[in-house]
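Structure, as structure tokens:
The values are calculated or read from the model by the stated rules, or taken from the named source; none is laboratory data. These numbers were taken from a predicted model, which means no experiment stands behind them. Methodologically, a virtual Cβ is constructed for each residue, glycine included, from the backbone with ideal geometry; neighbour enumeration extends over all protein chains shown. These area figures cover heavy atoms from the full protein model, side chains too; ligands, DNA and RNA do not enter into them. Shrake-Rupley method; radii C 1.70, N 1.55, O 1.52, S 1.80 Å.
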Amino acid sequence: MRFGIELRGRRRAAALSQQDLADLIHYDRSLISLVENGRVPPSDAFAMYCDQALRAGGALIDLASGEQTGRGSAPSLRMSHPAWDRDDTAALAAMLCGDAVLMDRETARRVAHEWLVSDPPQVVELRSGRRIGAELVATVQRRTARLRRLDDHLGGGDLLDTVAGELAATVSLAREASYTEAVGRTLLAAIADLAQVAGWVASDAGAHDVAARFYLGGVHAAHAGGDPALAANLLSLLAYQTASVGDPRDAVLLARSAHRGARQRATAGARVLVAERVAWAHARAGQRARCDRVLGEVDELFEGVRPDDEPDWAYWLTRDEIDIMAGRCYAELERPIRAVPLLESALGRYQNDSAREASLYATWLADSYITAREIEQAAEVASRALDLSTTVSSTRSRDRVAAVRTRLRPYRNAPAVRSFEERYRAMAGAANGERTRP
């Protein structure tokens, strides 16, 4: 809080408005207001730019360093208060569109707990600014649906800036416009859905901290928008990312929290998606029996899926996708006898125009072949995954191919493995604009 008081005092002494300072340091004015009022902690970069702009001689930097509880500190978005007003929307904007905060495990746990135990707030009617109605919110929803389907064909590296820009524009609309309580609630749910796409795209681009920020901000927006199923899906996506690149034990906690929350007014398809991510977290944690139980639940739930009743964000859920996730879990648990038939069958019907997914799923099939010591087949499938990964800007698919390459190294003398390695090095050299050694 001392940082905010000092910042306000120095800004006023320099005869600068919040907007003047925002223009000098290239941050949003609303973030400056939130920091000055103690609602958002200052990041290192924010403090440095303010210190330079206000000629504070390091005083603001020292204050920020003393106040920070870690870069993972999040804006004070409160789920348990009775009303959601313009200040909350400004805090959401800072969380989703700024670079002042990164998310840590404690923030994720707190958000999960608060969401589960708090009732949705009343969304306060806003009466100043441009008036918007339900039709404009419907336009946001249609644009989000188009971006989601565009993600089927493009990698995160190609799509992240576009989706992040769309999210920033929509959050700005919520912050500056006026609307009724009903429209405001629908708009917050639309922002949560867009944050879901943004998080997925950021994760695919390898920007995992940014993705976590999108996912957790989306949970807040979905909670205020009265959409617990969407909040559960967002939290389960964070669990999925955490299981893949973080501590699987944290992922299990987050996934199970999402699973519990999905019982509230969630469709069968939404519950399937959340349960799948619980199974993946258990698989990554090496918890075989628990994974098996949840996969059994997934199969039962899928029987009740009615596509016409599902939210747009569940449109891609099919029997093949169910089998692929089960196959991936079995591959992770080193159970190739179960994994290979599921992955082979589903991949045989997969279209190569969805290059990222086909590449990713092929890497888990290759993993299972390696576990079964079917090295020639593993290398052939790995080569297919490699070819597909070069056609899409996806850090996730490239990392998975690299992981399979590492597992194949002990078998480098096998002809198919040598062929894969040569292609890998040639493609890596081409991507870097380099000539590779023969």
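With a point put 7 Å past each Cα toward its Cβ, work out how far residue 372 is from residue 428 in nm, to one decimal.
2.8
Given Cβ point charges of +1 (Lys, Arg) and -1 (Asp, Glu) and nothing else, what value in debye, to the nearest 20, does the dipole of the chain about its Cα centre take?
Once rounded to the nearest 20, the dipole reads 680 debye.
At 222 nm, what helix-only mean residue ellipticity would the chain give, in deg cm²/dmol to the nearest 500, using -39500 (n - 2.57) for each DSSP H run of four or more?
Calculated at 222 nm, the ellipticity per residue is -22500 deg cm²/dmol.
Could you go through the range 378-386 in sequence order and give the Karplus-derived ³J(HN,Hα) for each residue, using 6.51 cos²θ - 1.76 cosθ + 1.60 with θ = phi - 60°, rounded to whole Hz, and x for Gly and Pro?
4, 5, 5, 5, 4, 5, 5, 4, 4
Residue 179: net charge of surrounding residues, Cβ under 13 Å, Lys/Arg +1, Asp/Glu -1, itself excluded?
+1
Can you give the charge dipole size of the range 268-364 about its Cα centre, rounded to the nearest 20 debye, using +1 on the beta carbon of Lys and Arg and -1 on the beta carbon of Asp and Glu?
With only Lys, Arg, Asp and Glu charged at Cβ, the dipole is about 500 debye.
For the range 305-438, which whole-number percentage of the solvent-accessible area (1.4 Å probe, protein heavy atoms only) is attributable to carbon and sulfur atoms?
Percent of accessible area from carbon and sulfur atoms in the range 305-438: 47.
Starting from the eigenvalues of the Cα gyration tensor, five times each then square-rooted, give me the equivalent ellipsoid semi-axes of the range 234-328, largest first, whole Å.
Equivalent ellipsoid of the range 234-328: 21, 14, 11 Å, largest first.
Accessible area of the range 195-251 with a 1.4 Å probe: how many percent of it is carbon plus sulfur?
Taking all protein chains in place, the range 195-251 shows 52 percent carbon and sulfur surface.
What trypsin sites (Lys or Arg not before Pro) in the range 338-380 are in a loop by DSSP, with at most 15 other Cβ atoms within 10 Å of the Cβ?
Passing both the DSSP loop test and the Cβ count: 349, 373.
Could you pull out every residue, at least 5 positions away or on a different chain, whose amide H is within less than 5 Å of the one on residue 131? Hs are placed 1.01 Å off N in the peptide plane, and Pro or chain starts have none.
The list, which skips near neighbours in sequence, is 178.
Against the longest alpha carbon principal axis of the chain, how many degrees, from 0 to 90 and to the nearest 10, is the axis of helix 319-332 turned?
80
Using a 1.4 angstrom probe, figure out how much accessible area the chain has per residue, in square angstrom, rounded to the nearest whole.
44
Among 376-388, 307-319, how do they line up from the highest to the lowest mean number of other beta-carbon atoms within 10 Å?
The densest-packed peptide leads the list: 376-388, 307-319.
Using θ = phi - 60° and the Karplus curve 6.51 cos²θ - 1.76 cosθ + 1.60, what whole-Hz ³J(HN,Hα) does each residue of the range 210-217 get, with Gly and Pro shown as x?
5, 4, 4, 4, 4, 4, 6, x
For the range 326-407, what is Rg from Cα atoms divided by 2.2 N^0.38 Å, rounded to two decimals?
Relative to the 2.2 N^0.38 Å estimate, the range 326-407 comes out at 0.97.
Please tell me the relative contact order of the range 163-313 in percent, rounded to the nearest whole number, where contacts are Cα pairs under 8 Å and at least six residues apart.
17
Can you check what the Kirkwood hydrodynamic radius comes to for the range 97-163, Cα pairs only, in Å to one decimal?
16.1
Compute the Rg to Rh ratio over the range 288-358 from the alpha carbon atoms, using the Kirkwood formula for Rh, and round to two decimal places.
Ratio of gyration radius to Kirkwood radius: 0.99.
Counting only protein heavy atoms and using a 1.4 Å probe, what share of the accessible area of the range 80-176 belongs to carbon plus sulfur, as a whole percent?
Answer for the range 80-176 is 50 percent, counting heavy atoms of protein chains only.
Using the Karplus equation 6.51 cos²θ - 1.76 cosθ + 1.60 (θ = phi - 60°), what ³J(HN,Hα) coupling, rounded to whole Hz, does each residue of the range 121-138 give in order, writing x for Gly and Pro?
Couplings: x, 6, 8, 6, 5, 9, 10, 10, x, 4, 7, 10, x, 5, 5, 5, 5, 4 Hz.
Taking every pair of distinct Cα atoms and averaging 1/r, then inverting, what Kirkwood hydrodynamic radius in Å comes out for the range 148-209?
Kirkwood hydrodynamic radius for the range 148-209: 12.3 Å.
Select from 95, 48, 304 the residue farthest towards the positive end of the dipole of the chain; place +1 on Cβ of Lys and Arg, -1 on Cβ of Asp and Glu, and compute about the Cα centre.
Towards the positive end, the residue furthest out is 48.
If you bin every alpha carbon distance in the chain into 20 Å steps from zero, what whole percent lands in each bin?
Each 20 Å bin holds this share of Cα pairs: 24, 51, 23, 2.
Pick out, from 234, 255, 245, the residue whose Cα sits farthest towards the positive end of the charge dipole of the range 206-261, with +1 on the Cβ of Lys and Arg and -1 on the Cβ of Asp and Glu.
Looking along the dipole axis, the top candidate is 255.
Have a look at 325, 378, 339 and report the one farthest towards the positive end of the charge dipole of the range 302-379, computed about the Cα centre with Cβ charges (Lys/Arg +1, Asp/Glu -1).
Farthest towards the positive pole: 378.
Give me, ordered by chain and number, the residues 5 or more places off residue 123 or on other chains with an amide H under 5 Å from its own placed amide H.
Here 84 satisfy the definition.
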